[in-house]
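K.L.:
Quick one: structure below, then a few questions.
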Amino acid sequence: MRWDDNEYVRYFSELVELEREEQMRLHEEEMRRLSGREREEKGRAFLKLKGKSQGLGLGGKYLVKFKKVAEALPDSEIEVGDLVLVSKPGTAPWDDDNPMGTVAEKSLYTITVAFDDTPPGFVFRKDLRIDLFVNDITFQRMLEALKKFKRLPSWRKDKLLGKTAPEFGKIDELDFINPALNKRQQDAVLRSMAARDFFLIHGPPGTGKTITCIELIAQLVHRGHRGLAAADSNVAVDNLVERLDKIGLKVVRIGHPARVIPALRCRSLDYLVQDEAEYIAAQNLRERAYRLKEGMDGSTRPEMRWRRGLSDEAIAELATAGKTTRGIPQKKIEGMKRWIGLKQKIDKLFGEARQLEERAVRRIIDNAEVICATNSTVGSEILKTKKFDFAVIDEATQSTEPSSLISVLKTKRFIMAGDHKQLPPTVLNKEAARCGLSTSLFERLLEIHGNKIRVMLEVQYRMSEEIAEFPSNEFYDGKLKAGENVKRQTLDDLLQPMPKNDEQEGVLDFVLQEYPFVFIDTVDGGVEFKDKTRKGATSKENEGEAQLVTDIVELLLNRGIKPEDIAVISPYDAQVGLIRKMLRVDDLEIKTVDGFQGREKEVVIVSFVRSNNYGEIGFLKDLRRLNVSITRAKRKLVLIGDSKTLATEGCYERLVAVAKARGGYERVV
């Protein structure tokens, strides 16, 4: 679609609002529809908690640790970095008086929440509730980016909207820092450096697009440029930080400390600032302010019933003169004067602390060679006035266009890395997704300009040749090749010898054979292998497949495969939940396909779930989900599904045919 700039801003603003309203609606709807106990059972709430103050943490956040009395926390979706609501009995979680915070730490028995301001006193009581919620700030920053787009010079808007072609300069041959880069990766770096406006690095699974981005960033920094390295997820940003830090660049990771993995917190702004003299002084001022705040309890808060229209100055004059008015008791006037005086001192201390901290933060940011942050954080107040010479946006095909725009507008030149053949950005509102919010900026620019602005990486270093063959032919025109070091890798290298009297039969014996890519067909498996939806749920599950997955995993573990080398994935949340109940093994990852994008394991087992008499496969029709499913495994890919149901989509039919042709096909009887 082609827009003028006004249409573009209006169009995407409406889509962002639709998505924002959808997420808020879904969270509030569930909180209203389900009891607290039901929310806890679904893993989106904790009940019967007691809070205890932990004082100030990184970045001046006020920490409160919550725990159940003599009881471990139940399994939950609530993780470090999530936004939560804390509520007391008798109130709805979304009431205005209930504070919002960020999960800073989580253990088996406790969850620690960081609040921007001192939380209300009730959070230290018993019988509290914590609910998973949505982060509205991200939507506000996307809308602000769209407003900024409108103020761009016409020449830049025209290039981003596809009205004029991007420009390229000349770049001499480079001395590459990483000698292991292949020819395609080198070409991607050279052409990206020559781009004056933007460039795309298309990185299919396992092709090393992030390594290519690291080389590009290092080359630009060594030429004196200051850079921004961004992505939509914290995991992707941490990956960039770790690699940039290893090659010795001055990296600063910006974002809530709770969202940074512990090993990288030494590169985070909140950690680095602690050694700055101004920050230390600021913390001392805050401590003084909090002590004064505690002393306010003995004073009278100037509420309307006591103030009765009097200004702060009038209250001070009356108290000094020992007078009263409007029927206000003398003690109340004196108490209000004390409260107002303390409040003024507290505000002054907090103001001075804020100025000192901002000075320390500015120095660290200005001295950095590369700033790393999520797209959303790039739009935060802390980077509001900062501009960069270039931006590199990794996993760009997982970002909506308004999200990517936050980082794009911080610089005149940007490079995006991603793969539009894998899963698109997650958009919950169906209308917003249909109208284009699920199409990334990467994909739109590629559609307009084609190979003029793209290099596709072609050598992958993850999958054995047999596993990679089908996705290469189906999604990448046969161009995806296996690197020499992975081409012939097999599971045999990791298996321990078969114990005596422990021989397997049927499907389990088949799994242990040499084929790297196998399809186990449940078409003849009976009623237990049919998909179903539990009452009150929307997601699908398949008990027969779940049991088969369990048997295969236990077999692999018995043969010496480590739990951390195995992943079980499924397109359906309900199936993931069912398998987790059946397989309680530490370090074994069981996730949705969407949640496992970007990851890899030695062995991956995929449960497709769908098996019915109507040939209905639901969102399995999105073949990008299939591409992700079959490109995560290094040595062994085990696919479990009903070939007849899946065959309603031709791609699955071809997948089964390839398995049969290679000898990697077996039926459940």
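K.L.:
So who's got an amide H within less than 5 Å of the one on Ala229, skipping anything under 5 residues away but keeping other chains? H placed 1.01 Å off N, in plane.
P.N.:
Ile371, Cys372, Ala373, Val392
K.L.:
Within 9 Å, Cβ to Cβ, of Leu47, how many net charges do the neighbouring residues add up to if Lys/Arg are +1 and Asp/Glu are -1?
P.N.:
+3
K.L.:
Using a basic spin-label model with each label point 7 Å from the Cα along Cα→Cβ, how many nm lie between Ala194 and Phe124?
P.N.:
For the pair Ala194/Phe124, the computed spacing is 6.6 nm.
K.L.:
Just the number, please: percent antiparallel of the DSSP beta bridges in the chain, rounded to the nearest 5.
P.N.:
The antiparallel fraction comes to roughly 40 percent.
K.L.:
Order these peptides, 204-217, 274-287, by their mean beta-carbon neighbour count within 10 angstrom, highest first.
P.N.:
204-217, 274-287
K.L.:
Can you tally the net charge around Tyr572? Count Lys and Arg as +1, Asp and Glu as -1, for every other residue whose Cβ sits under 12 Å from the Cβ of Tyr572. Can you show the working numbers first?
P.N.:
On the way: positive: Lys532, Arg534, Lys540, Lys591, Arg610, Arg625; negative: Asp531, Glu541, Glu545, Asp573, Asp594.
Neighbourhood net charge equals +1.
K.L.:
On a 25 Å Cα-Cα criterion, which of the cross-link pairs Lys540/Lys634; Lys535/Lys636; Lys479/Lys601; Lys530/Lys591 come out too long?
P.N.:
Result: Lys540/Lys634; Lys535/Lys636 exceed 25 Å.
K.L.:
So, one more: Distance between Cα centroids, region 286-342 to region 429-483: provide it in whole Å.
P.N.:
One Cα centre to the other: 66 Å.
K.L.:
List the lysines whose Cα lies under 25 Å from the Cα of Lys88, skipping any in the same chain that are fewer than 8 positions away.
P.N.:
Of all the lysines, those that pass the test against Lys88 - Cα under 25 Å, at least 8 places apart if same chain - are Lys42, Lys48, Lys50, Lys52, Lys61, Lys65, Lys67, Lys68, Lys106, Lys126, Lys293.
K.L.:
Among the DSSP beta bridges whose two residues both lie in region 488-619, what percent are antiparallel, rounded to the nearest 5?
P.N.:
Details: 1 of 9 bridges.
Around 10 percent of the beta bridges assigned by DSSP in region 488-619 are antiparallel ones.
K.L.:
Let me ask another. Treating cross-link reach as a plain straight distance, find the aspartates and glutamates whose alpha-carbon is under 13 Å from the alpha-carbon of Lys487, omitting any fewer than eight places away in the same chain.
P.N.:
Qualifying aspartates and glutamates at Cα under 13 Å: Glu465, Glu466, Glu469.
K.L.:
Something else about it: Given a 1.4 Å probe, how much area per residue of region 352-451 is accessible, in Å²?
P.N.:
37
K.L.:
Sticking with this structure for a sec: Between Thr533 and Thr426, what is the spin-label point distance in nm, taking each point 7 Å from the Cα along the Cα→C-beta axis?
P.N.:
Result for the modelled spin labels: 2.0 nm.
K.L.:
Is region 377-435 best put as rounded, prolate or oblate by its Cα gyration tensor, with a ≥ b ≥ c the root eigenvalues, rounded for a/c under 1.5, and otherwise prolate when a/b is larger than b/c, oblate when not?
P.N.:
Details: a/c = 2.91, a/b = 1.62, b/c = 1.80.
Since a/c reaches 1.5 but b/c is at least a/b, the shape of region 377-435 is classed as oblate.
K.L.:
Another question, if that's okay. Cα-based Rg (one decimal) and Dmax (whole number) for the chain, in Å?
P.N.:
Here Rg and the maximum Cα pair distance are 28.6, 99 Å.
K.L.:
Quote the FRET efficiency, to the nearest 0.05, computed for Arg354 versus Ala72 with a Förster distance R0 of 30 Å and r equal to the Cβ-Cβ distance. Before the final figure, lay out each step's value.
P.N.:
Numbers: r = 39 Å, r/R0 = 1.31.
It comes out at approximately 0.15.
K.L.:
Something else now. Which lysines, if any, have their Cα less than 22 Å from the Cα of Lys148, not counting same-chain residues under 8 positions apart?
P.N.:
By straight Cα distance, Lys148 reaches Lys157, Lys159, Lys163, Lys384, Lys386, Lys387, Lys410, Lys412.
K.L.:
Among rounded, prolate and oblate, which fits region 277-329 when a ≥ b ≥ c are the square roots of the eigenvalues of its C-alpha gyration tensor, a/c under 1.5 means rounded, and a/b larger than b/c means prolate?
P.N.:
prolate
K.L.:
Then there's this: Please name which of Leu228, Tyr476, Leu292 has its Cα lying farthest along the dipole of the chain towards the positive end, using unit charges on Cβ (Lys, Arg +1; Asp, Glu -1) and the Cα centre as origin.
P.N.:
Leu292
K.L.:
Which whole-Hz couplings ³J(HN,Hα) result when phi for each residue of region 451-458 is put into the Karplus expression 6.51 cos²θ - 1.76 cosθ + 1.60, θ = phi - 60°, listed in order with x for Gly and Pro?
P.N.:
5, 4, 10, 9, 10, 9, 6, 10
K.L.:
Let me ask something else. With a cut-off of 8 Å between alpha carbons and a minimum separation of six or more residues, what is the relative contact order of region 73-231 in percent?
P.N.:
RCO, region 73-231: 15 percent.
K.L.:
Next up: Given R₀ = 35 Å, FRET efficiency for Ala180-Glu14 by Cβ-Cβ distance, to 0.05?
P.N.:
0.15
K.L.:
Decide, for region 23-62, between rounded, prolate and oblate: order the square roots of the alpha carbon gyration tensor eigenvalues as a ≥ b ≥ c, take rounded if a/c falls under 1.5, and otherwise choose prolate if a/b is larger than b/c, else oblate.
P.N.:
It comes out oblate by the Cα gyration axes.
K.L.:
Using modelled backbone amide H atoms (1.01 Å from N, in-plane), which distant-in-sequence or interchain residues come within less than 5 Å of Asn182's amide H?
P.N.:
none
K.L.:
Sticking with the crude label model, points 7 Å out along Cα→Cβ, report the distance from Lys50 to Arg363 in nm, one decimal please.
P.N.:
Computed distance between label sites Lys50 and Arg363 equals 4.4 nm.
K.L.:
Have a look at Gln422, Ala546, Leu63 and report the one farthest towards the positive end of the charge dipole of the chain, computed about the Cα centre with Cβ charges (Lys/Arg +1, Asp/Glu -1).
P.N.:
Leu63
K.L.:
Highest mean first, how do 115-124, 377-386, 565-574 rank when packing is the count of other Cβ atoms within 10 Å averaged over residues? Mind showing how you got there, number by number?
P.N.:
Values: 115-124: 15.2, 377-386: 16.9, 565-574: 23.9.
Ranking the peptides 115-124, 377-386, 565-574 by packing returns 565-574, 377-386, 115-124.
K.L.:
List residues of region 1-33, by number, whose backbone nitrogen lies under 19 Å from a label position 7 Å along Cα→C-beta of Lys147.
P.N.:
5-21
K.L.:
Taking the highest mean first, how do the peptides 391-399, 414-422 order by number of other beta carbon atoms within 10 angstrom per residue?
P.N.:
Working: 391-399: 28.4, 414-422: 24.6.
Ranked by mean Cβ neighbours within 10 Å, highest first: 391-399, 414-422.
K.L.:
Give the carbon-plus-sulfur fraction of the accessible surface of region 503-616 in %, rounded to a whole number; probe 1.4 Å, heavy atoms of protein chains only.
P.N.:
Carbon with sulfur: 42 percent of the solvent-accessible area.
K.L.:
Where does the charge balance sit around Gly322 when Lys and Arg score +1, Asp and Glu -1, over other residues with C-beta under 15 Å from its C-beta?
P.N.:
Numbers: positive: Lys323, Lys331, Lys332, Lys337, Arg338; negative: Glu317, Glu334.
Local charge sum for Gly322: +3.
K.L.:
Under a point-charge model restricted to the Cβ atoms of Lys and Arg (+1) and Asp and Glu (-1), what is the dipole moment magnitude of the chain relative to its Cα centre, in debye to the nearest 20?
P.N.:
Using only the charged Cβ atoms, the result is roughly 2820 debye.
K.L.:
Residues with amide H under 5 Å of Asp197's amide H, sequence separation 5 or more or different chain, H placed in the peptide plane at 1.01 Å from N; which?
P.N.:
Counting only residues 5 or more places away or on other chains, the set is Glu167.
The values are calculated or read from the model by the stated rules, or taken from the named source; none is laboratory data. Computed from a predicted structure; not experimentally measured. Neighbour counts are summed over all protein chains in view; Cβ atoms, including those assigned to glycine, are modelled from backbone coordinates with ideal geometry. The protein model used for the area step is the full one, side chains on, heavy atoms only, and it has no ligands, DNA or RNA in it. Shrake-Rupley method; radii C 1.70, N 1.55, O 1.52, S 1.80 Å.
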